[in-house]
Structure formats: structure tokens, C-alpha cells
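Novice: The structure that follows is given in the form of C-alpha cells.
The values are calculated or read from the model by the stated rules, or taken from the named source; none is laboratory data. Keep in mind it's a predicted model, so treat the numbers as computed, not measured. Please note: Cβ atoms are built from the backbone with ideal geometry, for glycine as well, and neighbour counts cover all protein chains shown.
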Amino acid sequence: MRLAVDVGSVRVGVARSDPDGVLASPLEVIRHGRADLDRLAELTSGHEALEVIVGLPTTLAGRQGQAAVTARAVATSLAERIAPVPVRLFDERFTTTTAHAVLRQGGKNSKARRQSVDAAAAAVLLQAALDSERATGNPPGELVPSGGRKTT
């Protein structure tokens with residue numbers, strides 16, 4: 001089972017895969033702040049996650065801004081906290097947009113979407129990472145170093 005994390009300025013969306021790593025689904029939304037890493041570590045342990053994917057926000061041109069700096073910082077702190085469970089950064093372009101569209105199609109109004117879009121975006125991110133791994137045969141994204149681990 002794998003977890004995915006979509007780091008926002010206010011909330012952190014979390015999703016999980018099924019045990020076979022085929023399908024992703026929203027898990028929960030955490031308020032971004034001091035306790036978010038504690039909760040992410042609890043979820044990783046409680047779900048016996050084999051890996052955690054953190055969304056790396058980039059522009060259409062592939063550039064990284066302040067949101068990417070924040071996501072990298074969260075990923076690094078999480079990697080140190082949950083080692084030896086690997087943490088990977090994966091491109092999250094369009095995940096929130098896609099999540100809003102899916103929730104809108106499901107009949108959710110804008111207030112209901114705000115409450116769940118972060119976890120839905122994490123599910124979109126995780127599904128893209130799982131699909132990428134199946135298509136390429138390689139682990140998705142960029143491995144975040146933790147302690148003495150090498151990056152690949």
C-alpha cells in the first residue's frame with residue numbers, strides 16, 4: 001500500500017492505494033501546520049505504507065516556485081521522520097484541477113469540494129504515480145534523501 005500527499009498552503013490532502021498498488025482513493029485532509037508531519041507519520045505506520053509520494057508543484061514550463069520549495073521541505077522532513085520508508089516527489093501538475101472536475105461531475109457543490117478537494121487531488125497524484133510506474137517499470141518521481149540513503 002502507498003500513500004500520497006498533496007501539500008497545500010492551508011491543507012494537506014492524503015490518499016492511499018489498494019494493497020496491490022493499482023487504484024488510489026482519497027483518505028483524509030490534514031490542516032497544514034505543526035502536527036501535519038506527526039499525522040502523516042501515523043498514517044504511514046498505521047497503513048503500513050511501502051512508500052509515500054509527495055506532489056511536486058511545477059508550472060506548465062516545468063519551473064518550480066515557492067509551493068515546490070514548501071513541498072520539498074515537507075518531503076525532506078517526512079523522509080527523515082519515516083525512514084526507512086521511501087519518500088518520492090512526483091509532478092503534480094493539474095491534480096487539483098482534475099480533482100475539482102471529478103468532484104463537480106459527482107455533484108459536489110463548491111463548499112463540499114473545498115472540504116475534500118485536497119484528498120481528491122492526492123488521489124489523482126497517486127493514481128498518476130502508480131500508472132507511471134506500471135508503464136515504465138521504474139519507481140515514480142525523484143527519491144528524497146533520508147539519512148544515508150542515496151537518491152535515484
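Novice: Going by the conditions given, is Thr44 surrounded by 21 or more Cβ atoms within 10 Å (Cβ to Cβ), within 15 Å of the chain's Cα centre (by Cα), at pLDDT 95 or above and part of a helix (DSSP H, G or I)?
Specialist: Numbers: surrounded by 21 or more Cβ atoms within 10 Å (Cβ to Cβ): yes; within 15 Å of the chain's Cα centre (by Cα): yes; at pLDDT 95 or above: yes; part of a helix (DSSP H, G or I): yes.
Spelling it out, Thr44 is indeed surrounded by 21 or more Cβ atoms within 10 Å (Cβ to Cβ), within 15 Å of the chain's Cα centre (by Cα), at pLDDT 95 or above and part of a helix (DSSP H, G or I).
Novice: All but one of (1) modelled with pLDDT of 90 or more; (2) within 21 Å of Arg16 (Cβ to Cβ) hold for Ala73, so report the exception by its number.
Specialist: (2)
Novice: Of everything in segment 24-38, what is more than 19 Å from Ala68 (Cβ to Cβ) and under 14 Å from the mean Cα position of the chain (by Cα)? Give them in sequence order.
Specialist: Answer for segment 24-38, where residues must be more than 19 Å from Ala68 (Cβ to Cβ) and under 14 Å from the mean Cα position of the chain (by Cα): Ala24, Ser25, Pro26, Leu27, Glu28, Val29, Ile30.
Novice: Does at least one position in segment 71-89 carry a residue that is in contact with a strand residue (DSSP E or B) (Cβ under 8 Å, 6 or more places away or on another chain) and surrounded by fewer than 16 Cβ atoms within 10 Å (Cβ to Cβ)?
Specialist: No, that holds for no residue.
Novice: Could you say which residue among Gln115, Gln127 is part of a helix (DSSP H, G or I) and at pLDDT below 70?
Specialist: Just a single option satisfies the conditions, and that option is Gln115.
Novice: In addition: Consider Thr58 carefully, then state whether it is of a type in the set (S, T, N, Q) and surrounded by fewer than 20 Cβ atoms within 10 Å (Cβ to Cβ).
Specialist: Numbers: of a type in the set (S, T, N, Q): yes; surrounded by fewer than 20 Cβ atoms within 10 Å (Cβ to Cβ): yes.
Here the answer is yes, as Thr58 does meet what is asked.
Novice: Of the residues Ala71, Ala15, Ala75, Ala49, which single one is part of a loop (DSSP other than H, G, I, E, B) and closer than 21 Å to Ala128 by Cα?
Specialist: The match here is Ala49.
Novice: A follow-up question, please. Hey, among Gly62, Gly33, Gly21, which residue is outside any helix (DSSP H, G or I) and in contact (Cβ under 8 Å) with a residue 24 or more places away in the chain? It would help to see each step written out before you state the result.
Specialist: Working: Gly62 fails: in contact (Cβ under 8 Å) with a residue 24 or more places away in the chain; Gly33 fails: in contact (Cβ under 8 Å) with a residue 24 or more places away in the chain.
That would be Gly21, the only listed residue that is outside any helix (DSSP H, G or I) and in contact (Cβ under 8 Å) with a residue 24 or more places away in the chain.
Novice: Checking the structure you have, find out if any residue of segment 1-24 is under 15 Å from Glu142 (Cα atoms), surrounded by fewer than 16 Cβ atoms within 10 Å (Cβ to Cβ) and of a type in the set (S, T, N, Q).
Specialist: Looking through segment 1-24, none of the residues is under 15 Å from Glu142 (Cα atoms), surrounded by fewer than 16 Cβ atoms within 10 Å (Cβ to Cβ) and of a type in the set (S, T, N, Q).
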